[in-house]
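Participant: What follows is a single structure, and I will ask about it in a moment.
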Amino acid sequence: MGALGAISFASPWLLAALAALPVLWFLLRAMPPAPLRRRFAGVALLLGLADREVQAERTPWWLLLLRMVALGAAIVGFAGPVLNPASQAVGAGPLLIAIDASWADAPSWARVQDRAARALEVARAAGRPAALLALSDLPGGQLSFGTADAVAEGLPGLAPRPWEPGEADWAALLPEGRFDTLWLSDGLARAMRAGFLAAVEPRGTVTVFQPAAPVLALGAPQLLDGAVKVPLLSNGAEASELEVVARGPDPAGIERDLGRVTALAGADADFALPAELRNRITRFEIAGQRGAGAVALTDDALKRRKVALVAAGSAREGLELLAPTHYLRQALAPSAEILEGTLEDMLLAAPDAVILADVAQVADPERLADWVARGGLLIRFAGPRMAAGLTGQDDPLLPVRLRAGGREVGGTMSWGAPRTLAPFAPDSPFAGLVLPAEVVVRAQVLAEPSPELASRTIASLEDGTPLVTRAALGEGWVVLFHVSANAEWSSLPLSGLFVQMLERLALASGTAREGVADLAGATWVAERVLDGFGALRPAGALGGVSGEKLAARELGAALPPGLYSAGERQVALNTIAPGRVLEGAVWPAGVTVEADVQAPPPLPLQGALLALALGLLLVDVLGTLAVSGRLRAARGVAVLLALLLLPFAPGPARAEMDPARALAVAGEVVLAYVPTGDDAVDRISAAGMVGLSQVLYARTSVEPGPPLAVDLETDDLALFTFLYWPVTADAAVPSPTAYARINRYLRGGGMILFDTRDADFAGFGTATPEGRRLQALAAPLDIPPLEPIPADHVLTRSFYLLQDFPGRFVGRGVWVEAAPPDAELAEGMPFRNLNDGVTPVVIGGNDWAAAWAVDGSGAPLLPVGRGQTGERQREIAYRFGVNLLMHVLTGNYKSDQVHVPALLERLGQ
Amino acid sequence: MSIAPAQTLRREAEALAAPLPPLLVAAEQLAASVQMGAHGRRRAGAGDEFWQFRAAAAGDALRSIDWRRSARSDAQYVREREWQAAQSIYLWVDGAASMQYSGAAARGSKATRARLLALALAVLMVRSGEKVGLLAPPSPPRPGRAQLLHLASLLAAPQDAGADYGAPAAEGLAPHARALMLSDFLGDPGAVEAALAAAAQRGVKGVLMQVLDPDEEAFPYDGRVIFESMGGSLRYETRAAGDLRLRYRERLAARRDLLAGLARAAGWQFGTHHTGQPAATALLWAFAALERGR
C-alpha cells in the first residue's frame, strides 16, 4: 500500500498512467470534430458566405481540459486512493483478538469494535490469519485461526454481555503455536487478567487497547431513612459530576423520569422522593451512559407497602404489650407504612394489605370482600374474640371453615406439650425458612376437615393441624394465621420467623435481602433480563434458578442480571454486586498499552473519483455535441438527462381550500356537485345545478350562488349546504381523509344526494354497475339506516306537495334516513310525528341533474319524456329539487302540526 | 398513373376549400376575353340568365326589343340579361428537388403544401365557374369538376426532380388570364424575372407565393456542417453554422425584397407561406389576392 501523506493508494503503480496524459493531449488536440452532413434547400443562399472564425478546426481547449481531468480522475480513482489510511505496525503470524466484551465495554463498544475491525483489516491486508475471542462469552472448544475476512464478518454480531469475564482453562481454549495477541480491555481490574496474560504472553507479543474514558457504574440502591442512596462507582481518578436518573411508570403506565440527582463519581446519589414516587421507581441509570453497569434495577426492597392494621376494640386499655397489633406493628414498622383506624376509612386509602387481628365480624364484609377480590391481601389472625365469635358457618373472608371454639394444648387444663411447627412444605411460600426451635403453639383455632384443607394449608403444626391457611378470593388472597398476633397463644410473634413469614407474604420487604436464607428454598424465574447495553428484554426460555444460586451471584449466561420472581416476590439481580469497587486495570511492563486515540476513519475515495470521471465524461458528451452542432438534434436526450439528474420535486400538495373560494362558498347558498372524472357527467351535473339554482331563485327566497364542483380532498365541506353526487360505474374512490371529512360533513347536518343515474331499473343497488359502485363508495360513510321514502316524509311537503320524485327517469326508488321505529301515527293526523333533523343522504337513480340541466340561455339541455308530459315531468323534477333544498335549509319545520288543517283540506280529507 | 394519390390530394384540397365561398376573380379585361361563364356578375351584360326589363332607348337594336313584354303596354322594352363571364387561371407549382425539403419529420415537404394550396384554389375556382389550367405540365384551362380530377392527377403525379431549383414557365399563358405561382423561389431570380416579364407582356396578372419551411427561415444549425442541396448539385461547408445565421437571414430577406419588387413591377402580388403554419391562412390570402386583383 503506497502512501502519500494522508492519502494512500491500493495500487499505486496505476498512477504511472498519468504520464500518458500529455500524449493524449496532443492526440486529442489534433482531431477536429467530424462534420455533420445535412440536406438543405436554402444552400443556394449560403454560397459565398465565409466562416468568420476557424476555432472549431481543433478541439476547443476547454473540452480538451475536461477530458484530461476526467481521464486523470479515472486513473487516480482506479489506483484506489484512501484518505486517512489505517497505518498499523504490521506483524507476522496469526493474530488473536481478545475482547473483554463486558458491561464496562458497552459505553465505548463502537470504539472497541472499530479497533478490532481495523486490526482485522490490517491482518487481511497482510494475509495474517486471525481469531476473535470474547472473554465474557467463551467458545465451547479450542479456538482456531481463520482468514481475517471470515473473522471480520462475525465482528458486528458481537455484543457486550452484562457480566464480566471469569477464569477459564486458557491452555485448553487457546490455539496451538505462536501468535500475537491484541487484547481489547474494558479497563477494569479483575482476577482473571493475570491468568490470561500468563497464558498468552509466552506465545507472542501482547498489545492492550483500552478506552480512555473511565468506567462508571451504579451500585445497589438502598433505602435509608426514607431516602434512596445509589452509590455511583468509577474507576477514574478525577471525580466528575454525573446525573443519575430514577425511572419508572407514571400513573398512566408510561415510563418517565421520576427524579434526577447530580452526584460526584465515587459518592452516593441521594434520592429523597415521596413514597408514592419511590414505590414506582423501576430502575436507576446514569444519564447518557450505556451499559448494564450503569443501570440499577429495583425490586421490593425499595417499596414500602401500605398496611392497614385493624384490631378489635381494645377493651383493656394500656396493656400495650398484650395488644393484638403490637408485634405486627413492630415487625412491619421498619419496612411498611402502617395505617390504623377504622376499616372503612382505610379501604379508601387503597392499602396493599389489610390485617385483621382477632376480629370476629367485619362491619361491612361485602365491601372488604370486594376489595380483596380486586387484588387485595387480607391477613387475619385468630384470637380469643374470633374464637368466641365462630359459628362454624362458611365465611368468604376466611380461607377455611373453622370449627366453633378453639383448641388449647399444653395448657393447665389439657394434656400434652405445646406443639411445635412442622417443616414447611416445598410448595409453601414459607419454604426454606429455618424453624427456630423455641417457637411453640399453645392454642389455635381449628379448621373443619374438608377436601381442600390440605391444599390451602401453607404452614402446619407437627401434628398436621393447620397453622396458616390461604385461599384465593377473586384476584386477591385471604390468609389466616390460626394463632393470635400477640404472644398469648404462641411464641411465634416473638421469633424472627414471624417477620420472615410476613415478608414472604409480600407484606414487608426486608432490609437484609438477597441473603441465602431469604432467597433459598424457592425457584426463581427470570422475568426480564438486562442485556449488555442496559436494556431490559424478555427473558425468553431461561430456566429457573434456585435461591442459593441467586444468592451466590455468579453472573453468566445461565444467570444474567435482571428481574427474578418467585411467587409474589420479586428480586432484582443487578450487574454490580453490592460492595463492588471499581479499579482500573494495571498492566505489567512487558505489555504494550495502546492509547485510545480517535483516529479519523479511513475514507476510500475511489467511488467519488470514478463518479467524478463519469460525470465529466457526460459533460464531455454534451460539450462535443455542442461543438459539432449536434446538440440541437440531441436536445431530447439532454433534456432527458437533465430530468434524470434533477431530483424529483413533487408538486406542492393542495391541502388547503383557497380562501377566495371559501369566501364565495360561505357567502351564499351554493349548490355543489361532486365531479366524477367523466367530463360529460360533470357537465350535466354543473348544468343541472345551474338549472336548479335558477328555479330556486325564481320561485323561492333561496338565492343560490353559482354552483361549484366540490373537491372532496381539499375543500372545507362544512361550508357547503348540499352536495349532488352522481355515481358512475368507474367513479374514483375518495381518500380516507376525504371520507373522514365527508363523515364530519354528514354529521354536521349536510346532505348528499346520491344519483346512480340508472333509473334504478334493477331494483335498488343490486344489479347495475352504478349501484354496485355506489355501495362501494358509500361503505365507509356514516350513513344511518335507510328506507324507501315514506309517503309522509317531509320531503313530500317541504315546499310543494309531491308524491313522485322524478328526474329524467321516473322511479320510486328514492331512499332516505329511516324514521325511528317508535314513530307513530297519531289519531286523526295524516303524518307521523317524525324525528327532527335532516336526512343526511338521499339516494336514487332518477338522473335529476339531467332533468334540471339548462344551457347558457336557460333552455333545457336534455329532453325529458315526450311532449307536454315530459315537460310536466321536468316541472315535477324541479319541484323535487326545490323541496330537497327547502328540506336541507329548513329541516323538519314542515313536519310541524301548524299546517295540518290546511294540508288536510288540500288533501281532501 | 396511379389514381390514389390524386384522389387523396383532391380530397384534402376539397376539405381545405370547403369553408370558403366561391371565388370571384375580377376580370378587368372585359372586352377582350369575354367568355361565357357559369355565374352572373350582378350587372347587365352577355349571358343566359334574365336580368331585367328596361325601356328601350335610342340606339337599341330592334331585335333586342322584347316584343312579348312590350305588347302588354304602350312602351317598348328591352330584355337585358345578366352579364356572365369566366376567367382563365393558370397554376404553376414548382416541382424541383428543392421543394422536397422538410425540416422536421412531422411536417410535410414544401411541394406537398404547394400542391395542396394550388388544388384547393382550383377547387374554389371551379366551384365559381372559372376555368383552371396548369402551366407545367401544360394543361389548358377548362371549367368543370372533371378538370379538377385532371389537375389533381397531374399535380400528384411524380415529378421528375431533375433540377435543384425550378424556373417558372410563362409560355402557355393566355392573354389577360390570371396566374398563381407556388415555389420556394430560392433558385435563380432571373428566371422569375423573365417569366414575369413575359406574363406582363400578355396582360397576365397573378400571385407569387413563396412556400418555405420554417427551418429555412430560422436556420437553426450550429457547429460544423456540410450543407447539400436537395439534388446534390450544390455543396457548402461551414465550421460554425450558427455564425452564419444572421447573414443567411439577411440574404433571404434580400431575396424576398427582390421578388416583391419584381411582382410589384409586373402588377403581381407576392406572399410568403411557411409550411409550419396552417394551409388555410395561405389559401385565404391567395383567395383574397386573386379575387381583388389588386
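Participant: All but one of (1) assigned by TED's automatic domain parsing to the domain that holds residue A:838; (2) at pLDDT below 90; (3) surrounded by 12 or more Cβ atoms within 10 Å (Cβ to Cβ) hold for residue A:691; which doesn't?
Facilitator: It fails just one condition, (2).
Participant: Here are the criteria: (1) modelled with pLDDT of 90 or more; (2) closer than 27 Å to residue A:50 by Cα. Tell me which single one residue B:273 does not satisfy.
Facilitator: Residue B:273 satisfies every listed condition except (2).
Participant: Any residue at all in the range A:113-123 that is assigned to a loop (DSSP other than H, G, I, E, B) and acidic (Asp, Glu)?
Facilitator: Scanning the range A:113-123, I find no residue that is assigned to a loop (DSSP other than H, G, I, E, B) and acidic (Asp, Glu), so the answer is no.
Participant: In the range A:208-257, what residues are touching a helix residue (DSSP H, G or I) at 6+ places or on another chain (Cβ under 9 Å), surrounded by fewer than 18 Cβ atoms within 10 Å (Cβ to Cβ) and either among the hydroxyl-bearing types (Ser, Thr, Tyr) or within 16 Å of residue A:290 (Cβ to Cβ) (or both)?
Facilitator: A:213, the sole residue that qualifies.
Participant: When residue A:70 is evaluated against the numbered criteria (1) under 30 Å from residue A:149 (Cβ atoms); (2) at pLDDT 80 or above; (3) out of contact with any strand residue (DSSP E or B) (no Cβ under 9 Å at 6 or more places or on another chain), which criterion, by number, is the only one it fails?
Facilitator: (1)
Participant: Continuing with this model, one more query. List pairs: first in the range A:121-138 and in contact (Cβ under 8 Å) with a residue 60 or more places away in the chain and surrounded by 21 or more Cβ atoms within 10 Å (Cβ to Cβ), second among the small types (Gly, Ala, Ser) and in a loop (DSSP other than H, G, I, E, B), Cβ under 7 Å, 6+ apart or cross-chain?
Facilitator: That search, which allows pairs on different chains as well, returns A:135/A:101.
Participant: Quick one: which of B:251, B:255 is surrounded by fewer than 20 Cβ atoms within 10 Å (Cβ to Cβ) and either without any contact (Cβ under 8 Å) to a residue 60 or more places away in the chain or touching a strand residue (DSSP E or B) at 6+ places or on another chain (Cβ under 8 Å) (or both)?
Facilitator: The match here is B:251.
Participant: Same structure, new question: Could you grab me the full set of residues in the range B:233-242 that are assigned to a helix (DSSP H, G or I) and more than 7 Å from chain A (Cβ to nearest Cβ)?
Facilitator: Residue satisfying the conditions is B:242 alone.
Participant: A follow-up question, please. With the condition kept exactly as written, say whether any residue in the range A:434-442 is in a loop (DSSP other than H, G, I, E, B), surrounded by 19 or more Cβ atoms within 10 Å (Cβ to Cβ) and assigned by TED's automatic domain parsing to the domain that holds residue A:382.
Facilitator: Checked against the condition, which is being in a loop (DSSP other than H, G, I, E, B), surrounded by 19 or more Cβ atoms within 10 Å (Cβ to Cβ) and assigned by TED's automatic domain parsing to the domain that holds residue A:382, the range A:434-442 yields at least one hit.
Results for (1) within 19 Å of residue A:106 (Cβ to Cβ); (2) assigned by TED's automatic domain parsing to the domain that holds residue A:162; (3) not in a strand (DSSP E or B), shown as yes or no for each residue.
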site: A:229; (1), (2), (3): no, no, no
site: A:236; (1), (2), (3): yes, no, yes
site: A:252; (1), (2), (3): no, no, yes
site: A:256; (1), (2), (3): no, no, no
site: A:260; (1), (2), (3): no, no, no
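Participant: Also, I was wondering about something else. Scan the range B:214-232 for residues that are surrounded by fewer than 20 Cβ atoms within 10 Å (Cβ to Cβ) and within 7 Å of chain A (Cβ to nearest Cβ) and jot them down.
Facilitator: B:220, B:226, B:228, listed by residue number.
Participant: Looking at the structure I just gave you, is residue B:262 over 16 Å from residue B:98 (Cβ atoms) and either part of a helix (DSSP H, G or I) or not assigned by TED's automatic domain parsing to the domain that holds residue B:133 (or both)?
Facilitator: Yes, satisfied.
Participant: In addition: Give the residues of the range B:174-206 that are over 27 Å from residue B:251 (Cα atoms) and without any contact (Cβ under 8 Å) to a residue 60 or more places away in the chain, sorted by residue number.
Facilitator: B:201, B:202 - these are the residues of the range B:174-206 that are over 27 Å from residue B:251 (Cα atoms) and without any contact (Cβ under 8 Å) to a residue 60 or more places away in the chain.
Participant: Would you say residue A:470 is among the basic types (Lys, Arg) and surrounded by fewer than 23 Cβ atoms within 10 Å (Cβ to Cβ)?
Facilitator: Taking the combined requirement at face value, the residue satisfies it.
Participant: Can you tell me how many residues in the range A:88-123 are touching a Ser or Thr at 6+ places or on another chain (Cβ under 8 Å) and modelled with pLDDT under 85?
Facilitator: Total meeting the criteria: 1.
Participant: When you go through (1) among the charged types (D, E, K, R); (2) without any contact (Cβ under 8 Å) to a residue 24 or more places away in the chain; (3) more than 9 Å from chain A (Cβ to nearest Cβ) one by one for residue B:245, which number turns out not to apply?
Facilitator: It is condition (2) that residue B:245 fails.
Participant: Next up: Give A:459, A:443 a once-over and let me know the one that is farther than 24 Å from residue A:376 by Cβ, of a type outside the set (Phe, Trp, Tyr) and touching a residue at least 40 places away in the same chain (Cβ under 8 Å).
Facilitator: The unique qualifying residue is A:443.
Participant: For residues that are farther than 11 Å from residue A:447 by Cα and touching a residue at least 12 places away in the same chain (Cβ under 8 Å), tally how many sit in the range A:462-480.
Facilitator: Of the residues in that region, 12 qualify.
Participant: Considering only the range B:193-217, state which residues are more than 15 Å from the chain's Cα centre (by Cα), over 14 Å from residue B:276 (Cβ atoms) and aliphatic (A, V, I, L, M).
Facilitator: Within the range B:193-217, B:194, B:197, B:198, B:200 qualify.
Participant: Going by the structure shown, is residue B:276 more than 14 Å from chain A (Cβ to nearest Cβ), in contact (Cβ under 8 Å) with a residue 60 or more places away in the chain and surrounded by fewer than 17 Cβ atoms within 10 Å (Cβ to Cβ)?
Facilitator: Answer is yes for this residue.
Participant: Can I ask one more? For residue B:186, indicate whether it is crowded, with 20+ Cβ neighbours inside 10 Å, within 19 Å of the chain's Cα centre (by Cα), within 14 Å of chain A (Cβ to nearest Cβ) and at pLDDT below 90.
Facilitator: Criteria met by residue B:186.
Participant: Check whether at least one residue in the range B:194-213 is farther than 30 Å from residue B:87 by Cβ and either more than 8 Å from every other protein chain (Cβ to nearest Cβ) or crowded, with 22+ Cβ neighbours inside 10 Å (or both), and report yes or no.
Facilitator: Among the residues of the range B:194-213, at least one is farther than 30 Å from residue B:87 by Cβ and either more than 8 Å from every other protein chain (Cβ to nearest Cβ) or crowded, with 22+ Cβ neighbours inside 10 Å (or both), which makes the answer yes.
Participant: Just to be sure before I move on: is residue A:220 outside the structural domain of residue A:166 (by TED's automatic domain parsing) and assigned to a loop (DSSP other than H, G, I, E, B) in the structure I sent?
Facilitator: Spelling it out, residue A:220 is indeed outside the structural domain of residue A:166 (by TED's automatic domain parsing) and assigned to a loop (DSSP other than H, G, I, E, B).
Participant: When you go through A:347, A:356 one by one, which is the residue that is without any contact (Cβ under 8 Å) to a residue 60 or more places away in the chain, surrounded by 21 or more Cβ atoms within 10 Å (Cβ to Cβ) and either within 46 Å of the chain's Cα centre (by Cα) or within 19 Å of residue A:474 (Cα to Cα) (or both)?
Facilitator: A:356 is the lone residue from the list that is without any contact (Cβ under 8 Å) to a residue 60 or more places away in the chain, surrounded by 21 or more Cβ atoms within 10 Å (Cβ to Cβ) and either within 46 Å of the chain's Cα centre (by Cα) or within 19 Å of residue A:474 (Cα to Cα) (or both).
The values are calculated or read from the model by the stated rules, or taken from the named source; none is laboratory data. Just so it is clear, the model here is predicted, and its values are computed rather than measured. Here Cβ is always computed from backbone atoms with ideal geometry, including for glycine, and neighbour counts include all displayed protein chains.
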